1. Considering region 232-246 alone, what residues qualify as being without any contact (Cβ under 8 Å) to a residue 24 or more places away in the chain, over 14 Å from I219 (Cβ atoms) and among the hydroxyl-bearing types (S, T, Y)?
2. Exactly one of (1) within 15 Å of the chain's Cα centre (by Cα); (2) surrounded by fewer than 19 Cβ atoms within 10 Å (Cβ to Cβ); (3) modelled with pLDDT of 80 or more is unmet by S285. Its number?
3. Can you tell me which residue within region 30-47, out of those that are assigned to a helix (DSSP H, G or I) and not hydrophobic (A, V, I, L, M, F, W, C), is modelled with the lowest pLDDT?
4. Which strands (runs of 3 or more DSSP E) sit wholly inside region 373-451 and have at least 2 residues that are modelled with pLDDT under 75?
5. Out of the residues in region 151-205 that are of a type in the set (G, A, S) and either touching a Ser or Thr at 6+ places or on another chain (Cβ under 9 Å) or at pLDDT below 85 (or both), which is surrounded by the most Cβ atoms within 10 Å (Cβ to Cβ)?
6. Out of I311, I242, I307, I219, which single residue is at pLDDT 70 or above and assigned to a helix (DSSP H, G or I)?
7. Inside region 210-237, can you point out the residues that are of a type in the set (G, A, S) and closer than 20 Å to K173 by Cα?
Amino acid sequence: MLPKEYLDVRKIKGKIYPRFVDFEWFDIAKKVISIYAKNTGNKLKKARNEVKKIEDSENYKKIRAFARIVEREIDFKSPTTLNPLEVRKLLFSKGPVTTASEREKVIEEVARRFGVDKREIELSMFGDMEEDSIIDGVKVDPETLLMKYNLSLLQTTLMNAIAVRFRVEDNHKKVFSGIKRLGLMYEIEDEFVRLTGPASILKQTKKYGTAFAKLIPAIVNSRLWVIHAEILDYDRIYRMSISSEDGVMFYREKLSMDFDSSLEEELYSRLICSRRDLEIVREPSLVSVGGFAFIPDFRIRRGDREIYIEIAGFWTEDYVKKKVEKIERANIPLLVVAREEIAEKLKSRHVIRFKNKLPYLKILKFINEYFADSGGKNIMKAEGEVPEKYLRYKDWFVSIDFIEYCKKCIEEGRVEEVVEKEGGSIALEYLGYKVVWDGLSDFRIVRVHDD
C-alpha cells in the first residue's frame, strides 16, 4: 500500500478510477531505479534528494510512489559497527556545546572512549536513522516496479471501501485463509463473495478497508477475477469495478503447488502418474453451501464428466463438525476419502475409509469405474451379454485385445504404460498381478500369490 497522499485517481459521475501505469512510464521507472542504484555505497538521503529533482507538478505523485516502492526493494547496511544509541548517550552526557571547537573536542573524547577515529563517531551518531542508512543494492527492475505500483495503488484506493464483492477463478484457499486471518466476514452470493461491511461506517471503515486492501494480492493472483466496491470519500460514496480482463498489469506472486497435507500430495502425485488422460485440478472453484464456501481438495474431469475429491484426514473435532456439515450439503458429485472416525459421521456421500495409509488402489478403482462409461474402450461396465472381443471379469467387460496388449507390456517391462491406461488396474488384476507403491510416484507389480 501507499501513503494516502500518493493516491492518484479520477472521479467521474459517481465512479472512481485509479490512474494505473503502463509501459509509457517505463523510462521514468527506470530513471528512479537508476538514481538509487548509482548511489550504492551512499546514504539514502542523497538518493532521495536526487529523486526530488526529476519531479514536476504533473508526475510528483507517481515519482514519490515509485521511490517508496523502490526503497522497499533495497538492501541497506549500517554506516558503522558501533551502536548509534550508545554513541548518542555518551555524546549527550557531555552536556551542550555552543561552538565548533567544543563540538570537535567532545567528538575526539568519545572517539577515544570507543577506540575509533572521529569520522566513525560522525557516521554512527545518527546511523540508525533511516535517511543515514547506506544503500547496498537495488533488487527491482522497471517492469516489476510498474506492476507493484499498480497493485499498491489498487490497495490504497480500496482502503476506504465500505462494501466489496469479488469473484476468483482459482487460488481459493489462499483467498479464504486471508479472509479468516484478517478477521473479515463473508457471504456467498451466486458466484461472488461479499465481504460484509462494518456495523458503523464512521467508526470502522478504515479498519475494514485496510483489511480488505491486504487481501488484494491474493485476489489478483487468481487467473481470472472481478472486484466491485463502494468507496467512501468524505461524505460521498463512489463505485469502482475492475477485473483481470481490463489489461492492467499487476504484480503477481508465483503460485506454487502447496499441499495442506502429505495425504493430498500423495494422492495428487499418484493420480498424475496413473491417469494422465484426466484433468486433475487442485482446489478448484468454490462451492456455495448455505452462503458459505466449500473448496474441495481436487476436481477430476474428462470431457463433460467430473467428480470432486475431499480428503478428510487429521481434522480437529471442531473442524470436523463444520466440514461434515458442508460436505453433506454440497450439491456436487463428491468422493470423500476419510479416516474411519470421520467416515462414520458421513451419510449421503461416496466414502472410502482408511485408518492410517491412503487407500490409493481403492480410490483409483472408484475413479476408473466412474469414468468407465465416458468414452473408454478398454473396459466397460458389465451390463447384458458379453460383447464380441470382450471377456467378463467381475463387474467389467474387458477388451481381449487390451488384455493381450497388457501381457506384452509386462513381458517387455513397460508396466507404466499399463497403469496409465484406463482399465489398466482391472487388467492387471485379471492377469494375477497387483500394483505395489514404493513412494509417491514409484511402483512395481507383483504376482498376487507372491505377495
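The values are calculated or read from the model by the stated rules, or taken from the named source; none is laboratory data. The shown structure was predicted, so the numbers you read here are calculated from the model rather than taken from an experiment. Cβ atoms come from the backbone with ideal geometry, glycine included; neighbour counts cover every protein chain shown.
1. Y234
2. (3)
3. Checked region 30-47; the qualifying residue modelled with the lowest pLDDT is K45.
4. 433-437, 443-447
5. The extreme case among them is A161.
6. Values: I311 fails: assigned to a helix (DSSP H, G or I); I242 fails: assigned to a helix (DSSP H, G or I); I307 fails: assigned to a helix (DSSP H, G or I).
Only one candidate qualifies: I219.
7. Here is the first cut: in region 210-237, the residues of a type in the set (G, A, S) are 211, 213, 218, 222, 229.
A211, A213, A218, S222, listed by residue number.
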